[in-house]
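These notes concern the structure reproduced below.
The values are calculated or read from the model by the stated rules, or taken from the named source; none is laboratory data. For clarity, every value in this text was computed on a predicted model and none was experimentally measured. Cβ: placed from backbone, ideal geometry, glycine included. Neighbour counts: every protein chain shown.
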């Protein structure tokens, strides 16, 4: 047994886990998905695990392997792949600038959109408690895509996983080439307010609407108890960023 095989060997005895038994129909669906990914899986059980939500395991078979551990691994592979691309293509940027650019590439909204584009939601194994809206839930799609990346890494190694990320996120990398560092309106507004040390800024959530998987949030930037900007976004952070942008515009501090 090699060191790699030993590392990924499953524990024996009490508390052991099991892989789902794949039907012919499920196996065919996974093979088709593998072709869409452009990655050949010899162990379809590994890809199936990446697409198995915890609710499915807990509600049908408590010992069944699900995707949380693969998500942990895939998140690291995705981050390293994005960092590698940015390091190689943006040679004159600082560590802080590269960090902001990487955050702009691998944010939740991007992972959710890419997961939808490859039809990942249709292949998720969900328990009854998640079945109603779980296939469109942003957190489920994001986690599953990261788990798929983790599965690609275990199946094919670093270079194939890295190249998959480069290929799958090509549009985002191209976009960051054009736009550069994502704008952080909240930090800019903080700098403006701090010119007068006694002034205080905070953000308030005003409203949220829509189903769980497609919520829209409204937030306000508040300075000294007065609303100076309102914003709407698909997440609370995005809404706060938009509120800060509106406030900067009102203060005449936005140069865009």
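Worth a mention:
- Only one entry of 132, 151 meets the criterion of being within 19 Å of the chain's Cα centre (by Cα) and within 30 Å of residue 69 (Cβ to Cβ), and that entry is 151.
- So residue 111, is it under 20 Å from the mean Cα position of the chain (by Cα) and modelled with pLDDT of 90 or more: yes
- From the options 127, 119, 134, 157, residue that is on the phi > 0 side of the Ramachandran plot and in contact (Cβ under 8 Å) with a residue 24 or more places away in the chain: 119
- Residue match in the range 210-226 (condition: surrounded by 13 or more Cβ atoms within 10 Å (Cβ to Cβ), without any contact (Cβ under 8 Å) to a residue 12 or more places away in the chain and closer than 21 Å to residue 114 by Cα): no
- Residue under evaluation residue 25, criteria (1) surrounded by fewer than 10 Cβ atoms within 10 Å (Cβ to Cβ); (2) at pLDDT 90 or above; (3) not in a helix (DSSP H, G or I), criterion not met: (3)
- Looking only at the range 168-178, and only at residues there that are over 27 Å from residue 34 (Cβ atoms) and free of Cβ contacts under 8 Å to residues at least 60 places away in the same chain, the one that is surrounded by the fewest Cβ atoms within 10 Å (Cβ to Cβ): 178
- The residues listed here are 94, 99; of these, the one that is at pLDDT below 95, surrounded by fewer than 16 Cβ atoms within 10 Å (Cβ to Cβ) and within 17 Å of the chain's Cα centre (by Cα) is 99.
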